[in-house]
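These notes are about the structure you will find just below.
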Amino acid sequence: MLVFIDESGDPGLKIGSGSTDYFIVTLVAFEENDEALKTDQRIELLKHELGFPPHFEFHFTSLKGSCREAFLSAVASYGFFYFSIVINKRKLTGEGFKFKESFYKYACSLVFENAKPYLNNATVVIDGSGSREFRRQLGSYLRRRINDTKSNARIIGKIKIQDSKRNNLLQLADMICGAVARSYSQKDDAKTYRALVAHREIYVQLWPK
């Protein structure tokens, strides 16, 4: 089992002064490695179809709408599922949320808790952009928090840090996360992209209520 995680927005709490209203973490999972490979190959082919170079990176916020739709339509038939946690930062009150790294770790743990019944010995791939030391700490944190030591249930197996520029499936997580984030905006295309992959969605939680 392969799992890819990505985020949208920022964990800062300066709402109205540059920080986003929402912070979203998305988990995209493949039960079968073969299906992940097929999806990877389809994304690679899509670059050619859209006239992009082989090293092009799909990133939701930098793409025009037609390319977003082309990407999500291209991957929609493949066998993945996803979970997202959408954190409404205007409703956060605890002091701990002021620390960005702690906030980010906690947000990741929430989405993994929701996905826990669907995961088994998953290899988790994390984008290596930013502090690699923090990403390593995140991996250790998730193992401790999610794996059930009492029953020896191994929810998370290996954790890998990879460059999203070289990993099409991390780009898939970015695109799914971007589609979820856009659905919480007031823009005209707010519902367009998430609808294309709605059948792959298991649970998107808005937190806190």
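The values are calculated or read from the model by the stated rules, or taken from the named source; none is laboratory data. Because the structure is a prediction, the values reported are computed rather than measured. Quick reminder, even Gly has a Cβ in these numbers, built from the backbone with ideal geometry, and neighbours come from all protein chains shown. To get the accessible areas, we keep the full protein, side chains included, count just its heavy atoms, and leave off ligands, DNA and RNA. Shrake-Rupley method; radii C 1.70, N 1.55, O 1.52, S 1.80 Å.
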- Message: What's the total number of residues in the stretch 66-87 that are open to solvent by less than 10 Å² (accessible area, probe 1.4 Å) and either touching a His at 6+ places or on another chain (Cβ under 9 Å) or not in a helix (DSSP H, G or I) (or both)?
- Response: 7
- Task: List the number of the failed condition for residue 130; all other conditions in (1) over 14 Å from residue 3 (Cα atoms); (2) free of Cβ contacts under 8 Å to residues at least 60 places away in the same chain; (3) in contact with a helix residue (DSSP H, G or I) (Cβ under 8 Å, 6 or more places away or on another chain); (4) not in a helix (DSSP H, G or I) hold.
- Result: (3)
- When residue 199 is run through (1) open to solvent by less than 50 Å² (accessible area, probe 1.4 Å); (2) of a type outside the set (S, T, N, Q); (3) part of a helix (DSSP H, G or I), the failure sits at (1)
- Item | Residues (of a type in the set (A, V, I, L, M) and either in contact (Cβ under 8 Å) with a residue 40 or more places away in the chain or surrounded by 21 or more Cβ atoms within 10 Å (Cβ to Cβ) (or both)) located in the stretch 145-176 | 155, 156, 169, 170, 172, 173, 175, 176
- Task: Kindly check whether there is at least one residue in the stretch 109-127 that is more than 17 Å from the chain's Cα centre (by Cα), open to solvent by less than 60 Å² (accessible area, probe 1.4 Å) and aromatic (Phe, Trp, Tyr).
- Result: no
- Task: Kindly indicate whether any position in the stretch 16-23 is within 25 Å of residue 112 (Cα to Cα), part of a strand (DSSP E or B) and open to solvent by less than 40 Å² (accessible area, probe 1.4 Å).
- Result: yes
- Mind counting the residues in the stretch 155-196 that are charged (D, E, K, R) and either within 25 Å of residue 40 (Cβ to Cβ) or assigned to a helix (DSSP H, G or I) (or both)? 8
- Residues of the stretch 45-65 classified as surrounded by 13 or more Cβ atoms within 10 Å (Cβ to Cβ), assigned to a helix (DSSP H, G or I) and touching a helix residue (DSSP H, G or I) at 6+ places or on another chain (Cβ under 7 Å), total: 2
